[in-house]
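Novice: First the structure, which I've put down as C-alpha cells, then a few questions once you've had a look.
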Amino acid sequence: MAKLKYLVLHCTATPPGREVSSDEIRAWHTNPVCKGGRGWSQVGYTDLIHLDGEVERLVANNEDANVDPWEITNGAKGYNSISRHIVYVGGVAADGKTTKDTRTKEQKLALETYVKDFHRRFPKVRIIGHGEVAAKGCPSFDVQAWLKTIGINQ
C-alpha cells in the first residue's frame, strides 16, 4: 500500500462523438498483444466519463488516501502505485490523429464535479494531466490552466 500522490487525467484518444464502452477499454488494455491489446493485468483507469457525462467506475477502490495493490490501474508508467486515473471519452480531432479537447458540455461538468470533490477529500493529492508525466498530448487540454478556471490552485 502506498500513499496516494496524484490524480491523473486522461483522454481515450478517440474522435469527437465516438462513444467508448468500458468493455472496449478493458480489451484495449488487457487483451494479449497478439489480439490487439497491451497485455496489461489491469485496465488503465479507475473511472470513465462518457460523452453524456455519466461517470462509470472501472476499478473499485476504498476511497481513502492510499493505493492498495488491488486498486492499482495502469494509466501512467512509473506513477501507477501512487495514482488514481480518470479518463474522458474523446481527445482527438476528427482526423483521428491531432490532439483536441473534444469534451462535451456534459463531460466538462462531470469532470469539474469529480475533480472538485476529489480535491476537497484529498487536498494534498496533485491533479495532473497524463502529458505532464509522459511524452503524450493526453488529455488534450492544459490541466493546470483548467484547474485555475474552476478555482483549484495547487
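The values are calculated or read from the model by the stated rules, or taken from the named source; none is laboratory data. Predicted, not measured: the structure shown is a model, and the values here were computed from it. FYI the Cβ positions are ideal-geometry reconstructions off the backbone, even for glycines, and counts take in every protein chain you see.
Novice: Consider PRO123 carefully, then state whether it is at pLDDT 95 or above, assigned to a loop (DSSP other than H, G, I, E, B), crowded, with 18+ Cβ neighbours inside 10 Å and at negative phi.
Specialist: Spelling it out, it is not the case that PRO123 is at pLDDT 95 or above, assigned to a loop (DSSP other than H, G, I, E, B), crowded, with 18+ Cβ neighbours inside 10 Å and at negative phi.
Novice: Just need a number here: residues in the stretch 48-98 that are in a strand (DSSP E or B) and closer than 21 Å to GLY17 by Cβ.
Specialist: 9
Novice: Which members of the stretch 59-98 meet the condition of being within 14 Å of the chain's Cα centre (by Cα) and of a type in the set (Ser, Thr, Tyr)?
Specialist: Scanning the stretch 59-98 gives THR73, TYR79, SER83, TYR88.
Novice: Still on this structure: Filter the stretch 135-152 down to residues that are surrounded by 15 or more Cβ atoms within 10 Å (Cβ to Cβ) and among the hydrophobic types (A, V, I, L, M, F, W, C) and give me whichever is farthest from VAL87 (Cα to Cα).
Specialist: Only one residue tops the list, namely ILE152.
Novice: ARG103 - would you say it is within 15 Å of the chain's Cα centre (by Cα) and part of a strand (DSSP E or B)?
Specialist: no
Novice: Ok, one more. Which one is modelled with the lowest pLDDT among residues in the stretch 34-60 that are under 23 Å from ASP95 (Cβ atoms) and out of contact with any Leu (no Cβ under 8 Å at 6 or more places or on another chain)?
Specialist: Of everything passing the filter in the stretch 34-60, GLY36 is modelled with the lowest pLDDT.
Novice: Out of the residues in the stretch 1-33 meeting the condition of being among the β-branched types (Val, Ile, Thr) and over 17 Å from GLY90 (Cα atoms), tell me which one is nearest to the chain's Cα centre (by Cα).
Specialist: Looking at the filtered set, the residue picked out is THR30.
Novice: Residue by residue through the stretch 83-104, note down the ones that are surrounded by fewer than 19 Cβ atoms within 10 Å (Cβ to Cβ) and either in contact (Cβ under 8 Å) with a residue 24 or more places away in the chain or in contact with a Pro (Cβ under 9 Å, 6 or more places away or on another chain) (or both).
Specialist: Passing the criteria: ALA93, ALA94, ASP95, GLY96, THR99, LYS100, ASP101, THR104.
Novice: What residue, among those in the stretch 1-43 that are among the polar types (S, T, N, Q) and under 22 Å from LYS100 (Cα atoms), is surrounded by the fewest Cβ atoms within 10 Å (Cβ to Cβ)?
Specialist: Only one residue fits best here, namely SER21.
Novice: For GLU56, work out the one condition from (1) touching a residue at least 40 places away in the same chain (Cβ under 8 Å); (2) within 12 Å of the chain's Cα centre (by Cα) it doesn't fulfil.
Specialist: (1)
Novice: Would you mind stating whether GLU112 is over 15 Å from the mean Cα position of the chain (by Cα), outside any loop (DSSP other than H, G, I, E, B) and closer than 14 Å to ILE49 by Cβ?
Specialist: no
Novice: State all residues of the stretch 95-120 that are modelled with pLDDT under 95 and small (Gly, Ala, Ser); if no residue qualifies, say none.
Specialist: Listed by number, the list holds a single entry, GLY96.
Novice: Filtering the stretch 44-64 down to residues that are among the aliphatic types (A, V, I, L, M) and farther than 11 Å from ILE25 by Cα, which residue is surrounded by the most Cβ atoms within 10 Å (Cβ to Cβ)?
Specialist: Looking at the filtered set, the residue picked out is ILE49.
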